[in-house]
1. Collect the residues in the range 338-359 that are closer than 23 Å to P322 by Cα and open to solvent by 10 Å² or more (accessible area, probe 1.4 Å), keeping them in residue-number order.
2. Of all residues being within 16 Å of the ligand (Cβ to nearest atom) and among the aliphatic types (A, V, I, L, M) in the range 262-284, which is farthest from N157 (Cα to Cα)? Just the residue, please.
3. For G256, which of the numbered conditions (1) away from the ligand (no atom under 16 Å from the Cβ); (2) touching a Leu at 6+ places or on another chain (Cβ under 9 Å) fails to hold?
4. I need the full set of residues from the range 213-250 which are of a type in the set (K, R) and touching a Phe, Trp or Tyr at 6+ places or on another chain (Cβ under 8 Å), in order please.
5. Need a quick list: helices (runs of 4 or more DSSP H) entirely within the range 193-298 having at least 3 residues that are free of Cβ contacts under 8 Å to residues at least 24 places away in the same chain.
6. What residue, among those in the range 420-442 that are over 19 Å from G464 (Cβ atoms), hydrophobic (A, V, I, L, M, F, W, C) and out of contact with any Ser or Thr (no Cβ under 6 Å at 6 or more places or on another chain), is surrounded by the fewest Cβ atoms within 10 Å (Cβ to Cβ)?
7. If a residue must be within 11 Å of the ligand (Cβ to nearest atom) and open to solvent by less than 10 Å² (accessible area, probe 1.4 Å), how many such residues does the range 217-229 contain?
8. Which ones in the range 184-200 are open to solvent by 10 Å² or more (accessible area, probe 1.4 Å) and within 12 Å of the ligand (Cβ to nearest atom)?
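The values are calculated or read from the model by the stated rules, or taken from the named source; none is laboratory data. Nothing here was measured: the structure is a model prediction, and the numbers come from that model. Cβ atoms come from the backbone with ideal geometry, glycine included; neighbour counts cover every protein chain shown. Note: areas computed on protein heavy atoms with side chains; ligands, DNA, RNA excluded. Shrake-Rupley method; radii C 1.70, N 1.55, O 1.52, S 1.80 Å.
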Amino acid sequence: MTLQQQEPSSSPAPARLDPHSADAGGPTLPVINPATEEQIGTIAAGTATAVAAAVERAQEGGREWASFSWRRRSELLFALGDRLAEAAEDLALTDTLDSGNPISGMRYDAGRAEEELRYFAGLGGEAKGDTIPWTAEQFGLTFREPYGVVGRITAFNHPLLYAVGKSAAPLITGNAVVLKPSEHTSLSTLKFAELAAELLPDGVLSVVTGTGAQAGIALVEHPGVPRIAFTGSVPTGRAVLRGAAEHIKDVSLELGGKNPMVVFPDVDLPSAAAAAVAGMNLRRSTGQSCQSTSRLLVHASIAEAFTSRLVELVEALRIGDPRRDDVEVGPLSFAAHYQRVLDYIEVGRAEGATLLTGGGRPAGIDVGYFVAPTIFADVDPGMRIAQEEIFGPVISILTWREVDEMVELANSVEYGLTANVWTQDLSSAFRTAQRLDAGMVWVNGEAGRPAGVPFGGFKHSGIGKEGSLAELLGYTREKSVIMRLV
Ligand code: NAD
């Protein structure tokens, strides 16, 4: 591991409050730069009052927005894409200062955010219906209507990408969106809402910042929000489902993962080891990624060679000031999460797994929530570090000999978000992909995916698909009309 601590010149994000919040001037939460542990701003600690005000504005703005042709909405969203492109560098830096994610990763996220916005902005005409034949005089028609107000609650790890990408489908289909970003990384969402406010009718896109316990629950339970879309952890996902039950809301959930990367004995070892590092999304979010390949299922015959190559690659990663272009691993995003990841490392040690590298704060870095990328070998399938999502730079290596054993191992966790299969035998790859309980499987891949590929988990990893036509349709209610010609 190489330390990179030289300070580049750049200014911190400005301290600010959500100007639209009904709680503006009220209680605030500090914004902490996780690389320095310094306070760089404040956000409003939104309450049910702020949520109610945002929903009221959204209902009003949403009516006007829904009355626009989809073509008009599309033009405005493409224009918003142009604004995003102009502001990309500032937004990327904001995310780096707020989340600690390396700047190269946050530049990539800004590009992906724009890509997702443009993808959905071009798809408006696909929110179409069917005709169903009946008799000579009668037939059925279906229409897809917006819900009205969509509540969008997001996780902390890719702040701008979620704010933009997860608003695009509900907006193009004619809904207003109330965003509730993570209280740990809200700044870029607020900046995005400012850009949107210059183009979209008032209330069409608003943000309520604050904790889940206050703003999040209030949004989930508000009777004026019939559609909730949530990205976050499994326990919070359960709470969201419970909160939405009273008003029988339509809910989609993008939840956690404990994703296997399966390595067959025939792989090109250096490429597979490099993919195992890339799959952890260290460079984009320090391993704080729902799709991180945190369980490596390596064939026993190559485990030793694969492991030593992996350790070499991980130890060569440059860790340090995330504003530097050449830094590949930043700090974790907030203090409680830092402690949580350290606790998991202790659990791994106590359970008897072998710590190969990392294991705590990197030597030479005294400030910031930094954890050295960590690899455990000799991990048994029943260990907590093999079963539970750590959501940080911690890799567990498990070995297998028979394909059936490997499939059972891969499917033995409560999650089913993504998986990765590495082999040169495409039949084996395809058969394995068919047998894995995962909503998305890469074959000889890493972590990238284009807009348009459905993303969403099986089992406890979620409900529904995003990033695709299914997401677009998921923000519409289908209405059937039976027509009689008289
Ligand atoms: P979290 O569940 O702690 O919080 C997510 C959001 O929910 C935050 O905005 C939070 O304020 C809010 N919240 C908390 N309690 C709430 C409640 N009772 N009601 C309503 N809202 C509430 O998750 P996190 O720590 O921000 O993110 C990490 C988790 O998110 C991991 O499990 C990760 O795998 C998952 N995640 C999944 C995906 C995906 O696409 N499947 C993407 C990113 C992150």
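1. Those that are closer than 23 Å to P322 by Cα and open to solvent by 10 Å² or more (accessible area, probe 1.4 Å): Y338, Q339, R340, L342, T357, G358, G359.
2. My answer is M280.
3. Of the numbered conditions (1) away from the ligand (no atom under 16 Å from the Cβ); (2) touching a Leu at 6+ places or on another chain (Cβ under 9 Å), the odd one out for G256 is (1).
4. The answer is R227, and nothing else.
5. Per the criteria, 234-245.
6. Taking the range 420-442 as the starting set, the residues that turn out to be over 19 Å from G464 (Cβ atoms) are 420-436, 442.
Add one more test, that the residue is hydrophobic (A, V, I, L, M, F, W, C), and what stays is 421-422, 426, 429-430, 433, 436, 442.
Then drop every residue that is not out of contact with any Ser or Thr (no Cβ under 6 Å at 6 or more places or on another chain), which leaves 422, 426, 430, 433, 436, 442.
Working: W422: 30, L426: 11, F430: 14, A433: 17, L436: 23, W442: 23.
Checked the range 420-442; the qualifying residue surrounded by the fewest Cβ atoms within 10 Å (Cβ to Cβ) is L426.
7. Total satisfying the criteria: 4.
8. Across the range 184-200, the qualifying residue is only H184.
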